[in-house]
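Each remark here refers to the structure printed beneath this line.
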Amino acid sequence: MRIESSPALDALCGEYLIGTLQGSARRRFERALREEPRVALRLEHWRTTMAPRYSPAIAVQPSPQVWKRLQAELGLSRYRTPLLRRLGLWRALAAGAMAALVAGIAVEVLKPVPTEPAAVTIAQLEGQADVARVTAALSPDRNTLQLHAARPVLAGPAQSYELWLIPAEGGAPLSLAVLGNLDARVPVAPAHSKRLVPGAKLAISVEPAGGSPTGAPTGPVIMAGQIEI
Amino acid sequence: MLDDQQIKRLLLRAGARDEGSAEAFERLYRLCAPLLLGVAQRVVGRREVAEEVLHDAFAGIWRKAESFDPLANQPVAWMVAIVRNRAIDVRASHDVSRVDSYHDTLDSDPDGSLDRLFEWSPGPDENEDRRRAVGWLRDCLSKLQAVERQALVLAYQHGLSHGDLAAHLQKPLGTVKTWVRRGMESLRSCVETRMGTGR
């Protein structure tokens, strides 16, 4: 049985949080955290409401060796801003031809970070006037849906937003994601991504924390939009 | 107090794995390592073992930063969980007779430690919802039965298993499991009733 639909979900979140879930039971739960979105969302709810924050008074300064070892073992020097770039181009140029030469080499050696190909906007979701407009863009590999809200839209602690796909051919809405806010990257399963076609619709409903308990929208739909591309 | 929004930005920056990721990770370490070492030390007891745990946990945080969920709103709690879980595993492999050796260092006043260990005043970045939730949690904890509260606080701060807890409290395993389970359940229903989502 999947943990996300188990009646023991809350008990497991609680015991995981407190630490009494140990050994293989903890590893099973951690696997579910990665694979079952509702488990992660429910744990996030527990963390927000049921876990106290530690007081700064318990802090202990670690010895400098811990950081030195981490830095060496993780090879962090590869990910540092080169000195010349930190100084700024003008100062590097002002430092003379030699510095300019070195900067040239540095640029040559440090290959630019490949940029992600742009996602294509496929739908604009709109609702009542007081709700921000949300754009939905699909990555070129059709694996990721990027939602962007014109203003931040955050769910209250007892609510989640759920993103639905209403197929062009009709039929029940398919749940794509349970969200805490509407600026989000949503991984899309292949079965769903082939249905993201013109004529289908995207809609967002308000659901209890963790998403619709029934698998179909239960709360008000706050915005919707037609897929156009 | 650690600012969750700032910690989240640093984690995402470290996870980007580009120029500047190392600086972000170093800043993250400087800000969080002292608190996390305190957390680890409460679980493993010895300072040098706790530093081992801190090292392993930060190596894990660097790896996991790449897949850190930008939607997660509790990055500090996420790091605390990594540290505590690592500490629990390290302790299990280090010391077979740990219950006896840790007995003396365990908290003898779990009720008082609620206010020593935890921060109940709201942080700078906290919104109204979170602020109210903290108040409800403190209040609901004080409404638990004393034995349940004691079991929860001891288990949480020292990362004790049910078995460790039973040995420490000198009660049967089943009794201790019930305290933990009932305590968590009462806490959840009390907090959710306040939130207006009780069932």
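The values are calculated or read from the model by the stated rules, or taken from the named source; none is laboratory data. These numbers were taken from a predicted model, which means no experiment stands behind them. So basically every Cβ, Gly included, is an ideal-geometry build from the backbone, and we count neighbours across all protein chains shown.
Quick notes
- Residue tally, condition over 15 Å from residue B:76 (Cβ atoms), modelled with pLDDT of 85 or more and among the acidic types (Asp, Glu), over segment B:119-143: 1
- Exactly one residue out of B:153, B:134 is touching a residue at least 40 places away in the same chain (Cβ under 8 Å) and either β-branched (Val, Ile, Thr) or not in a helix (DSSP H, G or I) (or both): that is B:153.
- Applying the criterion of at least 1 residues that are without any contact (Cβ under 8 Å) to a residue 40 or more places away in the chain, under 20 Å from residue B:73 (Cα atoms) and touching a helix residue (DSSP H, G or I) at 6+ places or on another chain (Cβ under 9 Å) to the helices (runs of 4 or more DSSP H) found wholly in segment A:1-78 leaves A:9-18, A:23-35, A:37-50.
- Top-ranked residue in segment B:1-57 [being outside any loop (DSSP other than H, G, I, E, B) and modelled with pLDDT under 90; ranked as farthest from the other protein chains (Cβ to nearest Cβ)]: B:5
- Among residues of segment A:217-228 that are β-branched (Val, Ile, Thr), those with a Cβ under 9 angstrom from a residue that is assigned to a loop (DSSP other than H, G, I, E, B), sequence gap 6+ or separate chain, pair up as A:218/A:212; A:222/A:128; A:222/A:131; A:222/A:153; A:227/A:168; A:227/A:196; A:227/A:197; A:227/A:199.
- Any hit, segment A:122-142, residues being within 14 Å of another protein chain (Cβ to nearest Cβ), without any contact (Cβ under 8 Å) to a residue 60 or more places away in the chain and under 16 Å from residue A:229 (Cβ atoms): no
- Only one of B:116, B:91, B:84 that is modelled with pLDDT of 90 or more and in a helix (DSSP H, G or I): B:84
- Flag if residue B:192 is buried (at least 16 other Cβ atoms within 10 Å of the Cβ), more than 28 Å from residue A:8 (Cβ to Cβ) and either modelled with pLDDT of 85 or more or more than 9 Å from chain A (Cβ to nearest Cβ) (or both): no
- Against the conditions (1) over 26 Å from residue B:36 (Cα atoms); (2) of a type in the set (Asp, Glu); (3) under 17 Å from the mean Cα position of the chain (by Cα), residue B:192 satisfies every one except (3).
- Candidate set: segment B:165-175, residues that are more than 9 Å from every other protein chain (Cβ to nearest Cβ) and in contact with a helix residue (DSSP H, G or I) (Cβ under 6 Å, 6 or more places away or on another chain); chosen: the one farthest from residue B:92 (Cα to Cα): B:173
- Segment B:143-153, residues that are more than 14 Å from residue B:177 (Cβ to Cβ) and at the interface with chain A (Cβ under 10 Å from one of its Cβ atoms): B:153
- The numbered conditions (1) facing another protein chain (nearest Cβ under 10 Å); (2) loosely packed, with under 14 Cβ neighbours inside 10 Å; (3) not hydroxyl-bearing (Ser, Thr, Tyr) are all true for residue B:119 except (2).
- Residue B:185 passes every criterion in (1) in contact with a Lys or Arg (Cβ under 9 Å, 6 or more places away or on another chain); (2) modelled with pLDDT of 90 or more; (3) not basic (Lys, Arg) apart from (1).
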